[in-house]
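Taking it in order: structure first as structure tokens, then the write-up.
The values are calculated or read from the model by the stated rules, or taken from the named source; none is laboratory data. Since the structure is predicted, the reported quantities are computational estimates derived from the model, not experimental observations. Here the Cβ is made from the backbone with ideal geometry for all residues, glycine too, and neighbour counts use every protein chain on show. SASA here: full protein model, heavy atoms, side chains in, ligands and nucleic acids out. Shrake-Rupley method; radii C 1.70, N 1.55, O 1.52, S 1.80 Å.
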Amino acid sequence: MPGFDYKFLEKPKRRFQCPLCSKAMREPVQVSTCGHRFCDTCLQEFLRYAVCLCAQGSTSLQIYPDPELEQQILALPIRCIHSEEGCRWTGQMKQLQGHFSTCAFNVIPCPNRCSVKLTRRDLPDHLQHDCPKRKVKCEFCGSEFTGEAYENHQGVCPQESVYCENKCGARMMRRLLSQHSMAECPKRTQPCKYCGKEFVFDTIQNHQYHCPRFPVQCPNQCGTPNIAREDLANHMKDNCGSALVLCPFKDAGCKHRCPKLAIGRHLEDTTKSHLTMMCNLVGRQRQEILELRREMEELSVSHDGVLIWKLSDYSRKLQEAKLRSNHEFFSPPFYTHRYGYKLQVSAFLNGNGSGEGSHLSVYIRVLPGEYDNLLEWPFSYKVTFSILDQSDPSLSKPQHITETFNPDPNWKNFQKPCSSRNSLDESTLGFGYPKFISHEEIKKRNYIRDNCIFIKASIEIPQKIMG
């Protein structure tokens, strides 16, 4: 191998360095022809591939060991090879191997032959705590184990004193723990014999006061045995012949109550009175339904003075209007403002009056409202009708057809309406435009799109009125 690569206290003199490896020579040899010195290994390796120039003209090359030089090199002072790990030893090179036998940083095999290699300074801790082949005596049972076997023995030693795993507070040798846990521990779990759920032993009696499957007696003393607690309510409702029940017509007003077995006789005896009660109940419910429907309609009505009315399936409705003279379509009602006038728009798709057969006619009228007694009459606010152009605003500016009028206070439909008039009363027309838009004009642009039209009605209410 090449020369010594140790950490010298001083750089070796040049005469101690191998010309081939530039390190302090290991086993130096001298060439007889020139007197040059090399590491024996370096020279032999060199001669395998090259010729020594110093030996040109010679028939043979003589090489001799140089023991005197070797002793000088081995006497050079060096640091331990573990100096970077912390070893502070320094001495002659020939003393290094002897130092290794005591160096705390030298790596050595475990003397117990456990296959671990570690530094000498870590050996005592390894032998005491980590070596799987160390000898350890159990403090509880006194048995001796190797370190590896002792680790397996820990936690299972039958003589070790341990606390009950159920946390009842008892402490005993591990070999007694199983019997304690199964038969003696007050904190052991035990299944309820009625519902099968597991409970801590000292709470299972309290559980039975609430257990849904615990057998109980019928409070009506009907004689049915062992009724599960959770089934008692259904038993008393459906099966107990002694339970008192209300008449099935209780919601209609019958107050009769009797044992379940007698309810059939009661129904037979009171058929006529039950029928009367049901008729009265149906009448009350019908009235309630009408009231709810009226309230729902009021909630769905617009309260901002603007109606946008979509008439779908326009072509079919137009044909229907052509077949039925003066056929009128009605919009949903709307309010001019909160607590204001209730209005409704109507349309004759095939025209009305002077526009019949050629135009679409639009009218508005006043309906009876919730707040009529609080309002000024006759109705006198400006009304604007529009049929909306449905053209795409990004392609062309929509051109709505718009007409505006101020109601005539003498027209009867703008007087305070009486409660008998309703939205289905076709005998009373509102005020509007019989020739609002012709059938030819409505086909232009996009007044009709996707077979529907939009009619807009808006009421101009002064701000002071709305406030």
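Scanning region 132-163 for residues that are touching a helix residue (DSSP H, G or I) at 6+ places or on another chain (Cβ under 6 Å) and more than 21 Å from ASN112 (Cβ to Cβ) yields a total of 3. Is it fair to say GLN287 is without any contact (Cβ under 8 Å) to a residue 12 or more places away in the chain, open to solvent by 90 Å² or more (accessible area, probe 1.4 Å) and in the same structural domain as LYS382 (by the TED database)? In short, no. The listed residues are VAL345, VAL383, VAL366, and the only one of them that is part of a strand (DSSP E or B), modelled with pLDDT under 95 and either surrounded by fewer than 22 Cβ atoms within 10 Å (Cβ to Cβ) or among the β-branched types (Val, Ile, Thr) (or both) turns out to be VAL366. For the criterion of being surrounded by 16 or more Cβ atoms within 10 Å (Cβ to Cβ), at pLDDT below 90 and of a type outside the set (S, T, N, Q), CYS87 fails. In summary, TRP89 fulfils each of the numbered conditions (1) among the aromatic types (Phe, Trp, Tyr); (2) without any contact (Cβ under 8 Å) to a residue 24 or more places away in the chain; (3) more than 15 Å from LEU9 (Cβ to Cβ) with the single exception of condition (3).
Among the residues of region 329-336, are any more than 18 Å from SER458 (Cα to Cα), assigned by the TED database to the domain that holds ILE442 and open to solvent by 10 Å² or more (accessible area, probe 1.4 Å)? Looking for residues that are more than 18 Å from SER458 (Cα to Cα), assigned by the TED database to the domain that holds ILE442 and open to solvent by 10 Å² or more (accessible area, probe 1.4 Å), one finds at least one in region 329-336, hence yes. Here ARG15, ARG37 are screened, and the one residue that is modelled with pLDDT of 90 or more, surrounded by 12 or more Cβ atoms within 10 Å (Cβ to Cβ) and of a type in the set (Lys, Arg) is ARG37.
Each row is one residue, and each column tells you yes or no for (1) open to solvent by 60 Å² or more (accessible area, probe 1.4 Å); (2) modelled with pLDDT under 90; (3) part of a strand (DSSP E or B); (4) acidic (Asp, Glu).
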{"position": "LEU69", "(1), (2), (3), (4)": "no, no, no, no"}
{"position": "GLN72", "(1), (2), (3), (4)": "yes, no, no, no"}
{"position": "ILE78", "(1), (2), (3), (4)": "no, no, yes, no"}
{"position": "ILE81", "(1), (2), (3), (4)": "yes, no, no, no"}
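Taking the criterion of being hydroxyl-bearing (Ser, Thr, Tyr) and more than 49 Å from the chain's Cα centre (by Cα), the residues of region 319-357 that qualify are SER325, TYR341, SER346, SER354. Confirm whether CYS258 is in a strand (DSSP E or B) and surrounded by 13 or more Cβ atoms within 10 Å (Cβ to Cβ). Taking the combined requirement at face value, the residue satisfies it.
Screening the candidates ASP231, ASP238, ASP269 for the property of being over 30 Å from TYR209 (Cβ atoms), open to solvent by 50 Å² or more (accessible area, probe 1.4 Å) and of a type outside the set (Gly, Ala, Ser) yields one hit, ASP269. The single condition among (1) in a helix (DSSP H, G or I); (2) out of contact with any helix residue (DSSP H, G or I) (no Cβ under 9 Å at 6 or more places or on another chain) that LYS94 does not meet is (2). Pairs linking a residue in region 298-325 that is among the aliphatic types (A, V, I, L, M) and in a strand (DSSP E or B) to a residue that is open to solvent by 100 Å² or more (accessible area, probe 1.4 Å) and modelled with pLDDT under 95, with Cβ atoms under 7 Å and 6 or more positions apart or on different chains, do not occur.
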